[in-house]
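Since the structure comes first, as structure tokens, the remarks are kept for the end.
The values are calculated or read from the model by the stated rules, or taken from the named source; none is laboratory data. Here the structure is a predicted model, which means the values were calculated and not measured. Cβ placement follows ideal geometry from the backbone for every residue including glycine, while neighbour counts extend to all protein chains displayed.
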């Protein structure tokens, strides 16, 4: 049963609307990363910061005021009319919300603690609930007046892929007619310091699959979809398959054999009812860490052979952690739209220095195209603790 992604709102380092993001990704191949020490004082790092003005949150309860929720509102504004229509058609209790996050409002707590050190008291603008993981779903439900199921997945980098799978299950079970789903994450010192302590942060733009790769760049953003069992028009993009697996190999390192990754991909293909040979393009998890790229490239070569087009889009957006899977699904969604009839693919930005220890893959070059609409895309998300998720997106025929 396909779940149609009839509307998409996105804000990330590439822009605050689908048209700018698509243009910078597919036509200009323009990275959105910038160098700053705003979240790593004294150490300048490339980050995927959203630099556009965000919606205000003064109208929200104090507990819901955070930059993370501002990012979610920015994505919501692009698709709000479709949700208003869905609520009017089906009722507020038949519309659900499932989103992923890993930071929520932790940045608000960081700012409050800095204020405490300087002034001896927490600011009146702070409430602990701003950093609770449930905050994005609670805020979206409050903003829209939705009374259906509303909850959050927080499983690091697989969070929003798992949220989209859960949204599909809510519809399949008959609990919802429409679900607002995706993910949101915001930059904060906590995550940059954490990944830096693991020696996983690159001081230059990340370089996935390269022999010179040395770590990730952290990013932020939000991508939200209006999911339903009904397509709104011919050529609508659908979530056709998903797979979830846990290998439990290590707290932060992937299973070198990729057992969980293989299982998640196989489940996604099986649910979609297609073979590996039918996939046109793979959006890799592609973090540019030594171990992740080695595992994922071997799994792809084993399961898909040597001819499928692949890329990592993290040099464009940074690694948005809990929002990464939704943002990358949105980039696939954009590449599948009618305004891309020749199937331009998201390019792979790197120094093109192959790691001879890795299998050779067909990385997408700038402005590379299929010569026809992109029909089938696979997007991978492999998280800490061995939480693996894969999504298959397809165009309705």
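Structure notes:
- Test: residue in the range 299-314 that is within 13 Å of the chain's Cα centre (by Cα), assigned to a helix (DSSP H, G or I) and within 27 Å of residue 186 (Cα to Cα): yes
- Taking residues in the range 298-323 that are closer than 26 Å to residue 159 by Cβ, and partners anywhere that are modelled with pLDDT under 95 and assigned to a helix (DSSP H, G or I), the pairs with Cβ atoms closer than 9 Å and at least 6 places apart or on different chains are 319/195.
- Residue match in the range 259-270 (condition: assigned to a loop (DSSP other than H, G, I, E, B) and out of contact with any helix residue (DSSP H, G or I) (no Cβ under 9 Å at 6 or more places or on another chain)): no
- Some residue of the range 375-388 being assigned to a loop (DSSP other than H, G, I, E, B) and in contact (Cβ under 8 Å) with a residue 24 or more places away in the chain: yes
- The condition of being within 21 Å of residue 348 (Cβ to Cβ) and in contact (Cβ under 8 Å) with a residue 60 or more places away in the chain holds for only one of 182, 215, that being 215.
- Those residues of the range 174-192 which are in a helix (DSSP H, G or I) and farther than 18 Å from residue 152 by Cβ, in sequence order: 189, 192
- Any hit, the range 116-123, residues being part of a helix (DSSP H, G or I) and crowded, with 16+ Cβ neighbours inside 10 Å: no
- Scan the range 135-173 for residues that are farther than 23 Å from residue 237 by Cβ, out of contact with any helix residue (DSSP H, G or I) (no Cβ under 8 Å at 6 or more places or on another chain) and not in a helix (DSSP H, G or I) and the total you get is 0.
- Checking every residue in the range 53-67 against the condition of being touching a strand residue (DSSP E or B) at 6+ places or on another chain (Cβ under 7 Å), farther than 13 Å from residue 317 by Cβ and at pLDDT 95 or above gives zero matches.
- Failed condition for residue 42, given (1) out of contact with any helix residue (DSSP H, G or I) (no Cβ under 6 Å at 6 or more places or on another chain); (2) assigned to a loop (DSSP other than H, G, I, E, B); (3) crowded, with 20+ Cβ neighbours inside 10 Å: (3)
- Some residue of the range 214-235 being more than 21 Å from the chain's Cα centre (by Cα), under 30 Å from residue 41 (Cβ atoms) and not in a strand (DSSP E or B): yes
- If you go through the range 231-249 and keep only what is out of contact with any helix residue (DSSP H, G or I) (no Cβ under 7 Å at 6 or more places or on another chain) and either modelled with pLDDT under 95 or at positive phi (or both), you end up with 231, 232, 233, 234, 235, 236.
- Residue 362 falls short on exactly one of the conditions (1) over 20 Å from the mean Cα position of the chain (by Cα); (2) under 26 Å from residue 204 (Cβ atoms); (3) at pLDDT below 95, and that condition is (3).
- Some residue of the range 191-206 being touching a residue at least 12 places away in the same chain (Cβ under 8 Å) and more than 29 Å from residue 347 (Cβ to Cβ): yes
- Yes/no for residue 341 being in a loop (DSSP other than H, G, I, E, B) and touching a helix residue (DSSP H, G or I) at 6+ places or on another chain (Cβ under 7 Å): no
- Number of residues in the range 66-102 that are more than 20 Å from residue 16 (Cα to Cα) and outside any helix (DSSP H, G or I) equals 6.
- Options 375, 291: the member that is surrounded by fewer than 19 Cβ atoms within 10 Å (Cβ to Cβ), at pLDDT below 95 and closer than 22 Å to residue 243 by Cβ: 291
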